[in-house]
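Okay, so here's the structure we're looking at.
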Amino acid sequence: MIFPLKTPEFLKKCVSGCVWDIVTDKKEIFLTFDDGPIPEMTPFVLDLLDRHSAKATFFWVGENVRRYPHIAREVVARGHSIGNHTYNHLKGWETANDRYLENIDLCDKAIEEVTGVRTKLFRPPHGRIKPSQLKAVLPDRRVVMWDVLTADYDASLSSAKCLKKSCRITDAGSLVVFHDSLKARKNLLKVLPAYMKFFKNKGFCFSALPCWCN
């Protein structure tokens with residue numbers, strides 16, 4: 001697989017019911033950050049977003065919310081949207097349905113108890129979710145996938161290539177995945193500031209997912 005990756009249109013149509021991008025008539029991009037919150041990376045992302053007057057959506061792992069509640073509350077205090085990324089970052093393809101759904105509920109509980117936020121946004125870790133799991137999740141949630149996968153977590157991917165291709169394949173309304181995780185640190189620290197500067201110079205803004213997703 002060649003990274004960064006633009007999600008092909010046929011896949012968006014095949015996996016129906018999910019949010020892959022946002023229809024908008026504005027020059028706006030929807031940044032999302034997976035796998036936090038953690039003290040090593042999330043504050044960096046928050047400060048950078050503030051410098052650009054930008055909003056984003058954070059898909060949290062529940063055990064990190066429990067471990068770092070002060071950071072979770074700070075994300076909410078700064079006006080960003082929150083989503084569920086399971087409690088233990090489970091791969092749906094490799095997990096029994098009952099356990100997977102229970103893990104999602106555990107994450108919901110952690111988010112609400114720590115921040116007071118009730119979110120209907122859900123992103124399956126790695127995008128791996130069985131059709132039976134998706135069917136069970138969809139009635140009560142918005143399942144948010146992505147239009148652009150930056151693959152910032154790939155240590156073999158140079159920051160220069162990550163930046164260049166991510167910029168090339170991003171359009172107005174793109175849902176773009178970055179990670180506020182240690183695994184992504186090498187690329188995120190270099191790519192995210194340059195990526196945001198590139199699009200700000202082109203007149204784009206960065207928005208959190210709209211209220212119909214919450």
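The values are calculated or read from the model by the stated rules, or taken from the named source; none is laboratory data. Given the structure is predicted, the values throughout are model-derived calculations rather than measurements. Please note: Cβ atoms are built from the backbone with ideal geometry, for glycine as well, and neighbour counts cover all protein chains shown.
Given the criteria assigned to a strand (DSSP E or B), hydrophobic (A, V, I, L, M, F, W, C) and surrounded by 15 or more Cβ atoms within 10 Å (Cβ to Cβ), does Phe33 qualify? Criteria met by Phe33.
Residue check: Thr24 meets all listed conditions (1) surrounded by fewer than 17 Cβ atoms within 10 Å (Cβ to Cβ); (2) among the β-branched types (Val, Ile, Thr); (3) in contact with a helix residue (DSSP H, G or I) (Cβ under 8 Å, 6 or more places away or on another chain) but one, namely (3).
Of all the numbered requirements in (1) out of contact with any helix residue (DSSP H, G or I) (no Cβ under 7 Å at 6 or more places or on another chain); (2) not in a loop (DSSP other than H, G, I, E, B), Gly79 misses one, and that requirement is (2). Among the conditions (1) touching a residue at least 40 places away in the same chain (Cβ under 8 Å); (2) surrounded by fewer than 24 Cβ atoms within 10 Å (Cβ to Cβ), Cys14 misses just one, which is (1).
Exactly one residue out of Ala136, Ala151 is buried (at least 17 other Cβ atoms within 10 Å of the Cβ), touching a residue at least 24 places away in the same chain (Cβ under 8 Å), of a type in the set (Gly, Ala, Ser) and touching a strand residue (DSSP E or B) at 6+ places or on another chain (Cβ under 9 Å): that is Ala151. For the stretch 107-116, the set of residues classified as under 19 Å from the mean Cα position of the chain (by Cα) and buried (at least 17 other Cβ atoms within 10 Å of the Cβ) consists of Cys107, Asp108, Ala110, Ile111, Thr115, listed by residue number.
Screening Pro124 on (1) under 18 Å from His85 (Cα atoms); (2) in contact with a helix residue (DSSP H, G or I) (Cβ under 8 Å, 6 or more places away or on another chain); (3) in contact (Cβ under 8 Å) with a residue 40 or more places away in the chain; (4) not aliphatic (A, V, I, L, M) shows it passes everything except condition (3).
Pairs linking a residue in the stretch 166-178 that is among the hydroxyl-bearing types (Ser, Thr, Tyr) and modelled with pLDDT of 95 or more to a residue that is crowded, with 18+ Cβ neighbours inside 10 Å and assigned to a helix (DSSP H, G or I), with Cβ atoms under 8 Å and 6 or more positions apart or on different chains, are Ser166/Val191; Ser166/Tyr195; Thr170/Phe199. Test Val61 against the stated conditions and say whether it is more than 25 Å from Lys197 (Cα to Cα), buried (at least 24 other Cβ atoms within 10 Å of the Cβ), in contact with a Phe, Trp or Tyr (Cβ under 8 Å, 6 or more places away or on another chain) and of a type in the set (A, V, I, L, M). For Val61, the condition - more than 25 Å from Lys197 (Cα to Cα), buried (at least 24 other Cβ atoms within 10 Å of the Cβ), in contact with a Phe, Trp or Tyr (Cβ under 8 Å, 6 or more places away or on another chain) and of a type in the set (A, V, I, L, M) - is met. Given the criteria of a type in the set (A, V, I, L, M), surrounded by 15 or more Cβ atoms within 10 Å (Cβ to Cβ) and under 17 Å from Asp152 (Cα atoms), does Ile38 qualify? It is true that Ile38 is of a type in the set (A, V, I, L, M), surrounded by 15 or more Cβ atoms within 10 Å (Cβ to Cβ) and under 17 Å from Asp152 (Cα atoms). Within the stretch 115-155, how many residues are closer than 21 Å to Phe30 by Cβ, in contact with a Phe, Trp or Tyr (Cβ under 7 Å, 6 or more places away or on another chain) and among the polar types (S, T, N, Q)? Of the residues in that region, 1 qualify. Leu46 meets all of the listed conditions (1) touching a residue at least 40 places away in the same chain (Cβ under 8 Å); (2) within 13 Å of Asp180 (Cβ to Cβ); (3) among the aliphatic types (A, V, I, L, M); (4) surrounded by 20 or more Cβ atoms within 10 Å (Cβ to Cβ) but one, namely (1).
For the stretch 84-104, the set of residues classified as of a type in the set (Ser, Thr, Tyr) and under 18 Å from Asp140 (Cβ atoms) consists of Thr86, Tyr87, Tyr100, listed by residue number.
Within the stretch 36-52, being over 25 Å from His89 (Cβ atoms) and not in a helix (DSSP H, G or I) holds for one residue alone: His52.
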